[in-house]
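Chemist: Below is one structure. I have some questions about it.
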Amino acid sequence: MDGNHAPPERDGSFSYDIESMDGSGRGAAAAWNGSSEALPRFEDDDGGAREAALLRYDDDGGGPREPLLRKRTMNTTSQIAIVGANVFPIESLDYEIVENDLFKQDWRSRKKKQIFQYIVLKWALVLLIGLLTGLVGFFNNLAVENIAGFKLLLTGDLMLQQRYFTAFLAYGGCNLVLGATAAAICAYIAPAAAGSGIPEVKAYLNGVDAYSILAPSTLFVKIFGSILGVSAGFVLGKEGPMVHTGACIANLLGQGGSRKYHLTCNWLKYFKNDRDRRDLITCGAAAGVAAAFRAPVGGVLFALEEAASWWRSALLWRTFFTTAVVAVVLRALIEVCRSGKCGLFGQGGLIMFDLSSNVPTYGTQDVIAIVVLGIIGGVFGGLFNFLLDRILRVYSIINERGAPLKILLTITISIITSACSYGLPWLASCTPCPVGSMEECPTIGRSGNFKSFQCPPGHYNGLASLFFNTNDDAIRNLFSRGTANEFHMSSLFIFFIAIYCLGLVTYGIAVPSGLFIPVILAGATYGRIVGTLLGPISDLDPGLFALLGAASFLGGTMRMTVSVCVILLELTNELHMLPLVMLVLLISKTIADCFNKGVYDQIVVMKGLPFMEAHAEPYMRHLVAGDVVSGPLISFSGVERVGNIVQALKITGHNGFPVVDEPPLTESPELVGLVLRSHLLVLLKGRTFMKDKAKTSGSFVLRRFGAFDFAKPGSGKGPKIEDLDFTDEEMEMYVDLHPITNTSPYTVVETMSLAKAAVLFRALGLRHLLVVPKTPGRPPIVGILTRHDLMPEHIHGLFPDLRKSH
């Protein structure tokens with residue numbers, strides 16, 4: 001609800017399409033014909049009312065509507081987005097400091113003690129974020145290792161008794177129950193918890209707030225859904241959801257808890273603004289990566305490179321402190337588990353693949369092989385993103401039809417995954433155990449490199465060693481050094497194809513799921529294939545080629561370089577591989593960028609989240625700021641009639657209104673500043689009215705209210721105009737808006753290049769950018785630029801002949 005524009009005209013019979021998966025629009029699809037009176041309504045960002053989006057069959061029998069449509073006939077594409085397969089209105093966040101009389105008075109009245117309290121609280125919060133995220137990360141791994149370990153032990157015991165069909169029923173049944181439970185709590189409690197959550201966190205830190213993406217219910221489902229989903233044997237990871245989990249924890253602390261669940265702390269009132277919450281959620285995202293990979297520096301770099309849209313040195317210091325706390329918590333808890341007090345949890349879970357047994361040497365032939373690996377990773381990564389895009393379109397058609405179909409889809413994928421995991425190892429031949437192995441062979445009763453499966457004593461099944469382990473243990477097996485002949489080439493090819501395909505079809509089901517682990521698994525497999533093929537002429541171990549393969553596939557899909565490089569080096573403790581990892585990441589990212597965007601960027605576009613890039617589109621240089629603002633503009637006088645304010649708030653969904661002083665208060669119309677909708681509601685609720693317009697009540701407002709009265713509440717907690725009732729006498733009274741008006745809003749002249757205005761808007765984290773006239777003698781404000789006005793689909797809706805290639 002950002003803008004201040006006229007509501008679009010409607011004729012009662014139209015189709016309205018939001019979000020094109022080919023990048024031409026943002027939002028979710030909606031279409032209807034005929035009367036719209038029966039449709040639910042909500043306020044949109046353009047103002048006015050807009051019918052809630054419905055996904056259904058065309059009336060003309062043209063087949064089911066796609067959930068993400070290509071064509072658009074109404075320009076409302078950046079006000080709603082897909083959250084958990086449903087369509088919800090979205091709001092922009094405002095990182096600008098509102099400098100009004102109340103704010104200035106508050107800071108003048110603050111004592112050194114209060115400022116010191118604010119600083120201490122901020123550090124205490126990031127400490128709490130680190131502690132809680134570390135504990136959740138440990139709990140996740142502890143639960144997964146014990147639940148999945150019990151399942152694998154039960155299946156292994158039945159196979160040792162040669163009860164193979166019973167073993168499959170037990171294995172598949174456990175997976176089915178775990179997967180269906182994860183899908184059920186996700187579908188019915190918090191649909192926003194599905195997927196990795198990284199695109200939503202990335203969009204939030206860019207200034208987009210969508211329905212319940214950081215709610216306590218989402219946090220609950222994210223934790224337990226991720227545990228159940230990973231334990232169910234799906235080809236997904238818990239690392240992506242940990243980023244979302246850390247962000248949810250930070251949001252819960254930053255807004256002072258949750259009134260809905262009776263968890264509130266009034267002493268956190270200092271942080272009731274978007275700017276402080278943004279910093280805390282950035283720390284939470286970094287802590288999530290640190291907890292998932294035990295990579296504190298990698299967590300900081302991930303937040304910097306991928307998650308955050310705004311960064312500064314103070315935030316760097318806080319995120320580093322947060323991830324350091326996570327690392328200390330995990331290290332302490334792991335030491336406790338080494339004493340055998342954590343059940344089946346041992347070296348697994350919190351993945352650490354230590355490859356640093358000796359210093360690797362490599363020659364020219366190895367560098368050439370690594371260049372080839374980078375090219376393979378770029379091609380496979382681009383193909384992966386392309387196929388995932390198509391699959392998510394199909395899944396969205398299924399998921400938007402309701403929770404039962406979401407659960408049915410998850411059950412279907414669970415059956416397919418169980419059949420592949422249990423059935424494909426039967427295609428592999430048994431291999432004699434290596435002589436002089438430091439590890440028990442075959443592995444009985446625990447995770448390890450050598451799974452017997454159906455093999456006789458003294459033999460192991462290499463493919464089962466990859467399939468019949470947790471994903472973390474499978475990666476550890478692929479990264480292991482000194483095991484050049486452990487896996488047959490046929491086993492590696494089968495495993496790669498299965499993981500590549502299962503990773504594609506699994507992401508998108510109604511389960512919290514990350515992409516890091518499937519991508520690392522697939523990349524490590526084809527890396528080991530290359531290493532095995534080059535064994536006679538290469539100086540590098542196949543395990544190191546597996547590491548480089550994982551790096552190449554991560555670069556090809558995620559398009560991250562610095563953070564992935566550091567995360568992998570922290571995971572493997574293999575600093576000597578730094579030059580090669582850097583090289584393979586750069587090559588794979590460069591190759592993949594020729595095909596499409598990174599996977600998280602694609603998902604942001606699919607969901608319709610109006611993400612603003614750091615750079616402006618070239619065609620924006622052919623337009624000026626005044627070209628894209630629309631009217632008529634709704635503004636208030638410095639002393640305004642209560643009835644006018646109430647009427648404007650009821651008929652529009654605008655978040656900001658210009659305040660203009662007119663004679664007799666001033667000699668000529670003069671722009672005072674911008675007043676926010678939320679501040680107007682608080683002022684109206686306080687009923688600080690006056691009967692005479694000539695008198696001002698500014699000093700009374702300053703005495704009646706404090707700055708914290710106007711602090712931003714948690715999601716959905718603020719007053720609403722529908723909840724306020726006024727008598728006819730009150731409606732004819734006046735209210736002084738000067739004390740709550742932001743007297744120093746950011747403004748641009750109407751002739752400024754739209755490209756420069758867009759860069760300024762994004763760099764400052766604005767929600768409103770006022771456009772003022774260039775020439776005197778005109779009204780003091782032309783319009784307000786919002787995020788919606790800067791979206792490509794809005795601009796091309798106004799200028800259909802403007803080509804993006806300009």
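The values are calculated or read from the model by the stated rules, or taken from the named source; none is laboratory data. All figures in this text were calculated on a predicted structure; none of them were measured in a lab. Cβ: placed from backbone, ideal geometry, glycine included. Neighbour counts: every protein chain shown. In case anyone asks, the SASA skips ligands and DNA or RNA and just uses the protein heavy atoms, side chains included. Shrake-Rupley method; radii C 1.70, N 1.55, O 1.52, S 1.80 Å.
Chemist: Restricting attention to region 755-774, does a residue exist that is farther than 30 Å from A203 by Cα, modelled with pLDDT of 80 or more, outside any helix (DSSP H, G or I) and not aliphatic (A, V, I, L, M)? Spell out the reasoning first.
Modeler: Here is the first cut: in region 755-774, the residues farther than 30 Å from A203 by Cα are 773-774.
If we keep only those that are modelled with pLDDT of 80 or more as well, we get 773-774.
Filter once more, keeping what is outside any helix (DSSP H, G or I): 773-774.
Next, from what is left, pick out any that are not aliphatic (A, V, I, L, M): 773-774.
Yes.
Residue-by-condition table, conditions (1) open to solvent by less than 10 Å² (accessible area, probe 1.4 Å); (2) at positive phi; (3) over 24 Å from the mean Cα position of the chain (by Cα):
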| residue | (1), (2), (3) |
| --- | --- |
| T751 | no, no, yes |
| K756 | no, no, yes |
| V759 | no, no, no |
| R762 | no, no, no |
| L770 | yes, no, yes |
| I781 | no, no, yes |
| L798 | no, no, yes |
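Chemist: Residues T319, T323: which one is under 26 Å from L586 (Cβ atoms), surrounded by 23 or more Cβ atoms within 10 Å (Cβ to Cβ), at pLDDT 90 or above and touching a Pro at 6+ places or on another chain (Cβ under 6 Å)? Talk me through it step by step, then tell me what you get.
Modeler: Details: T319 fails: touching a Pro at 6+ places or on another chain (Cβ under 6 Å).
Testing whether each residue is under 26 Å from L586 (Cβ atoms), surrounded by 23 or more Cβ atoms within 10 Å (Cβ to Cβ), at pLDDT 90 or above and touching a Pro at 6+ places or on another chain (Cβ under 6 Å) leaves just T323.
Chemist: Return yes or no: is P719 in a loop (DSSP other than H, G, I, E, B) and open to solvent by 60 Å² or more (accessible area, probe 1.4 Å)? Even if it seems obvious, please write down each step before you answer.
Modeler: Details: in a loop (DSSP other than H, G, I, E, B): yes; open to solvent by 60 Å² or more (accessible area, probe 1.4 Å): no.
Considered against the rule, which asks whether it is in a loop (DSSP other than H, G, I, E, B) and open to solvent by 60 Å² or more (accessible area, probe 1.4 Å), P719 comes out as no.
Chemist: Right, next: Is there a residue in region 127-147 that is in contact with a strand residue (DSSP E or B) (Cβ under 9 Å, 6 or more places away or on another chain), in a helix (DSSP H, G or I) and not basic (K, R)? Give the derivation first.
Modeler: Of region 127-147, the ones in contact with a strand residue (DSSP E or B) (Cβ under 9 Å, 6 or more places away or on another chain) are none.
Looking for residues that are in contact with a strand residue (DSSP E or B) (Cβ under 9 Å, 6 or more places away or on another chain), in a helix (DSSP H, G or I) and not basic (K, R), one finds none in region 127-147, hence no.
Chemist: From the list N251, N175, which residue is outside any loop (DSSP other than H, G, I, E, B) and either among the acidic types (D, E) or open to solvent by 10 Å² or more (accessible area, probe 1.4 Å) (or both)? Walk me through how you get there before you give the answer.
Modeler: On the way: N175 fails: either among the acidic types (D, E) or open to solvent by 10 Å² or more (accessible area, probe 1.4 Å) (or both).
Unique residue meeting the criteria: N251.
Chemist: If you don't mind, another one. Could you please give the count of residues in region 222-241 that are part of a helix (DSSP H, G or I), farther than 22 Å from A290 by Cβ and open to solvent by less than 10 Å² (accessible area, probe 1.4 Å)? Step through it out loud before you land on a result.
Modeler: Start the filter on region 222-241 by keeping residues that are part of a helix (DSSP H, G or I), which leaves 222-231, 239-241.
Checking the rest, the ones that are also farther than 22 Å from A290 by Cβ come to 228, 231.
Now drop any that are not open to solvent by less than 10 Å² (accessible area, probe 1.4 Å), which leaves 231.
Of the residues in that region, 1 qualify.
Chemist: Looking at region 92-108, can you tell me whether even one residue there is modelled with pLDDT of 90 or more, basic (K, R) and either open to solvent by 40 Å² or more (accessible area, probe 1.4 Å) or in a helix (DSSP H, G or I) (or both)? It would help to see each step written out before you state the result.
Modeler: So the first thing to find is which residues in region 92-108 are modelled with pLDDT of 90 or more, and the list is none.
No: region 92-108 contains no residue that is modelled with pLDDT of 90 or more, basic (K, R) and either open to solvent by 40 Å² or more (accessible area, probe 1.4 Å) or in a helix (DSSP H, G or I) (or both).
Chemist: Moving on to the next point. Is it the case that some residue within region 114-128 is touching a Cys at 6+ places or on another chain (Cβ under 9 Å), open to solvent by less than 20 Å² (accessible area, probe 1.4 Å) and more than 24 Å from I391 (Cα to Cα)?
Modeler: Step one: of region 114-128, the residues touching a Cys at 6+ places or on another chain (Cβ under 9 Å) are 125-126.
With the extra rule that they be open to solvent by less than 20 Å² (accessible area, probe 1.4 Å), the set shrinks to 125-126.
Cutting the leftovers down to more than 24 Å from I391 (Cα to Cα) gives us 125-126.
Yes, that holds for at least one residue.
Chemist: For region 455-507, how many residues meet the condition of being modelled with pLDDT of 90 or more and among the small types (G, A, S)?
Modeler: 4
Chemist: In region 288-313, how many are assigned to a helix (DSSP H, G or I) and in contact (Cβ under 8 Å) with a residue 12 or more places away in the chain? Walk me through it before giving the result.
Modeler: Filtering region 288-313 for residues assigned to a helix (DSSP H, G or I) gives 288-293, 296-307, 313.
Applying the additional criterion that residues be in contact (Cβ under 8 Å) with a residue 12 or more places away in the chain yields 288-293, 296-307.
The number of residues fulfilling the criteria is 18.
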